[in-house]
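The next block holds one structure in the form of structure tokens; read it before the comments.
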Amino acid sequence: SAKAVMEAGGERRTAKRQRILEVPHALSQTLKGHVGGVTAVRFNKNGTYCLSCGQDKTIRLWNPYKALLIKTYTGHGYEVLDVAVTADNSQLASVGGDRQVFQWDVATGKAIRRFTGHEARVNCVSFNSECSVLVSGSYDKSVRIWDLKSRSQVPIQTLDDARDSVSSLLVSEHEIITSSVDGCVRAYDIRMGRLRTDHIGRTTHTDTYTHIHIRTYHVHIYIHTSY
């Protein structure tokens, strides 16, 4: 019957949503090596390795399944707040309290370039899918886009719509999505030159968002807020 078909379809959709929302719930490994707090952990595209960064000013490359430290990257003068890796695992980028955006060669462990221009600590960083551009977000309320194919140290574009610190960002094929402590998620359509702003809840002197982190799974965007 039509009702049975609809019920079966609903059950399949529910099962699919449950699979999407499943997360690991048992401890697999503990990776030890950082001195002080760990600020971010990122897996590479296929999940075989992970990178961590922290208050000890270092970035560390791990085999998480063997709890094996592979390489340590040093060069930052202050805490490292975020790290990203290219799809081919050849380069990584890092940002932190020294207001700089570092581009690294994964194999040699050496910094290829350092981009300067932010006026305060840099909270987040991401490559585009072609790994030709770096995007960084800062406490100075700006998002800056850096061209990795040119020799220029000047950002090719600065997005300054946020009214407070930019806490997280995500770069897709044609879109940059940012979150800010001002309580807004902003989606920049690069191809169309359009900005869409979504205000997540309300912020008052007693209800202030401190972090909004964006994570994606397929077509879903998950936003975590803490206040």
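Take each peptide in 39-51, 96-108, 69-81, count the other Cβ atoms within 10 Å of every residue, and average; sorted highest first, the result is 96-108, 69-81, 39-51. Other residues within the sphere of radius under 15 Å centred on the Cβ of Thr58, judged by their own Cβ, net out at +2 (K and R +1, D and E -1). Counting only protein heavy atoms and using a 1.4 Å probe, the accessible area of Arg60 comes to about 30 Å².
Once the C-beta distance of Lys149 and Tyr65 is scaled by a Förster radius of 25 Å, the resulting FRET efficiency is 0.10 to the nearest 0.05. Please compare each pair in Lys45/Lys141; Lys71/Lys110; Lys71/Lys149; Lys66/Lys110 to a cut-off of 20 Å on the Cα-Cα distance and tell me which ones are over it. The answer is Lys45/Lys141; Lys71/Lys149; Lys66/Lys110.
Between Glu175 and Lys45, how high is the FRET efficiency from 1/(1 + (r/R0)^6) when r is the Cβ-Cβ distance and R₀ = 22 Å? Nearest 0.05. Working from the Cβ atoms, E equals 0.75. The share of accessible area on the range 98-167 that comes from carbon and sulfur is 43 percent, using a 1.4 angstrom probe.
The values are calculated or read from the model by the stated rules, or taken from the named source; none is laboratory data. As the structure is a prediction and not an experimental result, all values here were calculated from the model. Reconstructed Cβ throughout: ideal geometry from the backbone, glycine too, with neighbour counts over all protein chains shown. Just the protein is used for accessible areas: all its heavy atoms, side chains included, with ligands, DNA and RNA removed. Shrake-Rupley method; radii C 1.70, N 1.55, O 1.52, S 1.80 Å.
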